[in-house]
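Each value in this text was obtained by applying a stated rule to the coordinates, not by laboratory testing. Remember, it's a predicted structure, so these values are computed and weren't measured experimentally. Here the Cβ positions follow ideal geometry from the backbone for every residue, glycine too, while neighbour counts run over all protein chains shown.
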Amino acid sequence: MLSRKTAVVTGSTSGIGLGIARALAGAGADLVLNGFGAPEEVERLRGSIASEFGVRVVHHGADLSKPDEVARLFTDARDAFGRVDILINNAGIQHVAPVEEFPVDRWNAVIAINLSAVFFGTQQALPAMRERGWGRIINIASVHGMVGSVNKAAYVAAKHGVVGLTKVTALETAGSGVTCNAICPGWVLTPLVQQQIDALAVAKGLSVDEAGRRLVGEKQPSREFVTPEQIGGMAVFLCSDAAEQMTGAAVTMDGGWSSQ
Ligand code: NAD
């Protein structure tokens, strides 16, 4: 379905981004992986996706907190494959602290990576997508793009911003063959959330398993984690012809969290 298409997936050396990258490769897309990690582990991931799905895969180590590195990611992606048809803005970080104690450098980092990099990436990708009359931009927002939670000021502000940016991008591209949508997951068991589970286990004197159950049960009515594979499946759907008229949507995958 996506053969001869090229996808840039930011933050795809781990978690949700990796799940999406594998799903797009499974649908035939060539990939530009991005994100941090030990070089040998990143190379193992790159090689295993390429051989498992028979697609071309490169890795780019751009630090998305820096706009000039976002630009370089796209220049190098076009040098490698000639085009970028699909952009998955996924890279993200978290910092947890009350507003009064929120460190300014953490605020700036969360806004830079979770929000501004989405804007800069979209700016880079759009002109050529418009020219070709086809493109898919999928922003990985969060249920925190729809509702708030305590101690997550920067993250919630950034993710609400991503949902807003998704709507503006959709309006500006409507009828051009380019769509822009956001996926809003609830809890997904990835390294980013494992850190929060480990912190809860220490704070409450719980086992890690019990802390995980408590974390997911507190907010997510299904009491089950969303999986990176499920989010990958949604991304592939949003790239399909069936989703051609779907643009500007914020698709929740949150086990009912935002319905409460
Ligand atoms: P993760 O920590 O497993 O992966 C984050 C990825 O981003 C990694 O590949 C990392 O190397 C990369 N990254 C971090 N900083 C970067 C930077 N400056 N430049 C380039 N790459 C960078 O996290 P995850 O849980 O898979 O989260 C992925 C996205 O999904 C984030 O935007 C997050 O906000 C969102 N999300 C996660 C959950 C969840 O429960 N895990 C829920 C909703 C939304």
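Taking each of Lys5/Lys152; Lys5/Lys219; Lys66/Lys152 in turn, the alpha-carbon distance tops 28 angstrom for Lys5/Lys152; Lys5/Lys219.
Helix 117-132 and the longest principal axis of the Cα set of the chain meet at an angle near 30°.
Under a Cβ-Cβ cut-off of 12 Å, what is the net charge of the residues other than Ile231 that fall near it, where Lys and Arg count +1 and Asp and Glu count -1?
On the way: positive: Arg22; negative: Glu229, Asp254.
Summing Lys/Arg as +1 and Asp/Glu as -1 gives -1.
Report, in degrees rounded to the nearest 10, the 0 to 90 angle that the Cα long axis of helix 15-26 makes with the longest principal axis of the chain. It works out to around 30 degrees. Couplings for the range 234-248, taken from phi via the Karplus curve 6.51 cos²θ - 1.76 cosθ + 1.60 with θ = phi - 60°, read 5, 4, 4, 4, 5, 8, 7, 4, 4, 9, 4, 9, 9, 8, x Hz in order; Gly and Pro are left as x. Karplus-derived 3J(HN,Hα) values for the range 45-62, using 6.51 cos²θ - 1.76 cosθ + 1.60 with θ = phi - 60°, are 4, 4, x, 6, 5, 4, 7, 5, 10, x, 10, 8, 9, 10, 10, 10, x, 3 Hz; glycine and proline are entered as x.
A straight line joining the Cα centroids of the range 234-260 and the range 31-55 runs 26 Å. Over the range 37-167, the reciprocal of the mean inverse Cα-Cα separation, the Kirkwood hydrodynamic radius, stands at 16.2 Å.
In this simple spin-label model, placing a label point 7 Å from the Cα along the Cα-to-Cβ direction at both Ser207 and Glu229 gives a separation of 2.5 nm. The aspartates and glutamates within cross-link reach of Lys167, meaning a Cα-to-Cα straight distance under 18 Å and a gap of 8 or more places when in the same chain, are Glu244.
Summing Lys and Arg as +1 and Asp and Glu as -1 over all other residues whose Cβ lies under 15 Å from the Cβ of Pro98 gives a net charge of 0. Think of it as helices only: each DSSP H run of n ≥ 4 in the chain is worth -39500 (n - 2.57), and spread over all residues that comes to -15500 deg cm²/dmol at 222 nm. Phi angles of the range 184-193 translate, via the Karplus equation with coefficients 6.51, -1.76, 1.60 and θ = phi - 60°, into HN-Hα couplings of 10, x, x, 5, 10, 7, 10, x, 4, 8 Hz per residue; Gly and Pro are given as x.
Length gained on full extension, Val99 to Met1, computed as 0.36 nm times the residue gap minus the Cα-Cα distance: 30.7 nm.
A crude spin-label estimate for the pair Ala50 and Asp68, with each label 7 Å from Cα along the Cβ direction, gives 2.9 nm.
Label sites at Phe237 and Val147, each approximated as a point 7 angstrom past Cα along Cα to Cβ, lie 2.1 nm apart. Near Gly135, the amide H atoms lying under 5 Å from its own belong to Val178, Thr179; only residues 5 or more places off or on other chains count, and H is placed 1.01 Å from N. Does anything in the range 208-230 have its amide N under 11 Å from the 7 Å Cα→Cβ label point of Gln196, and if so which residues? So the set is 215-220. A simple count of charges around Asn114, restricted to other residues whose Cβ falls under 15 Å of its Cβ and scoring Lys, Arg +1 and Asp, Glu -1, yields +2.
Ranked by the mean number of other Cβ atoms within 10 Å of their residues, highest first, the peptides 188-197, 139-148 fall in the order 139-148, 188-197. In a fully extended conformation the segment linking Gln260 and Leu171 would gain 29.2 nm over its present Cα-Cα distance, using 0.36 nm per residue.
Taking Cα atoms only, the orientation of helix 67-81 departs from the longest principal axis of the chain by about 50 degrees. Amide H contacts of Ala250 (H built 1.01 Å from N, in plane; Pro and chain starts excluded): Ala182 sit under 5 Å, all sequence-distant by 5 or more or on other chains.
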